Amino acid sequence: MLVRDVMQPHVVTVTPPTTLSEAVRLTRQRGIRHLPVLEGGELVGIVSDRDLKRAMASPATSLEAHELTSLLDRLTMAEIMTRPVMTVAPPVPVEEAARVMVREKISALPVTEEGRLVGIVTETDVLELFVKAMGAGEPSSRLDVVLGERRSALAEVVRVVEEAGVLIASIMTLVSRAGLKEAVIRVATINPSPAVKALEARGYAVRQPWRG
């Protein structure tokens, strides 16, 4: 899955002269949390709802209401936006975009192509894809199977589960905090007992299944 497959192509943007009050109104009306800042069609910054709240809170305790309103009407995106902007391209794998967001501790990446803003991908988009990929939206069970150091363990685990008559909805591998390689298997049933018993009979440790 690529960034182009999950990004939001219709992006609400602002310009450097956009006032803080205008930006807050936009985020509330559109239900969004990020506003790329364009100047002459070029991406020059980005503002998050956190930036807006921080800018609003800083003078809030020391000013009267009318003074605060006046200040918010004068404060612009040019003064609070983050720059330079970290971006991603449409053909980039989603997991790479997620890695960048985790590394940089940011919650959104504008998507650019040949210098043009063509979309935005957020942590919510990535989480929705993860939920879909794991099959968590359907009645199912999750099995965490410790693979250990066995050769072809993953292939054997898949075969054992299928031979037990249990349909696999999704599968992924990861290394636990204890350093053990595990297969996280989502099976399309709320009764995974046949698969669990078959795996344990082959010597695989299965952590307590999760049903949902």
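Values computed for the structure shown
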| quantity | calculated |
| --- | --- |
| For the chain, built as a Gaussian network whose Cα springs stay under 10 Å, the top-fluctuating residue of Pro192, Pro36, Pro90 | Pro192 |
| Spread of Cα-to-Cα distances over 10 Å intervals beginning at zero, given as percent, for the stretch 1-42 | 25, 47, 23, 5 |
| Within a Gaussian network of the chain (alpha carbon springs, distance under 10 Å), most fluctuating of Thr173, Thr87, Thr27 | Thr173 |
| In degrees, nearest ten, helix 94-104 long axis to first principal axis of the chain (Cα) | 60 degrees |
| Most mobile of Ser193, Ser170, Ser141 in a GNM of the chain (Cα contacts under 10 Å) | Ser193 |
| Residue-averaged 222 nm ellipticity for the chain, from DSSP H runs of 4+ at -39500 (n - 2.57), nearest 500 | -10500 deg cm²/dmol |
| Dipole magnitude (debye, nearest 20) for the chain, charges at Cβ of Lys, Arg, Asp, Glu | 740 debye |
| Whole-angstrom gap from the stretch 79-97 to the stretch 109-181, using each part's C-alpha centre | 24 Å |
| Reduced Cα scattering model of the stretch 138-211, Debye log10 I(q)/I(0), q = 0.17, 0.19 Å⁻¹ | -0.54, -0.68 |
| Alpha-carbon Debye profile of the chain, log10 I(q)/I(0) at 0.14 Å⁻¹ | -0.87 |
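Computed from the coordinates by the stated procedures, all read-outs in this text should not be read as laboratory data. Remember, it's a predicted structure, so these values are computed and weren't measured experimentally. Don't worry about glycine lacking a Cβ; one is built from the backbone with ideal geometry, like all the others, and counts go over all protein chains shown.
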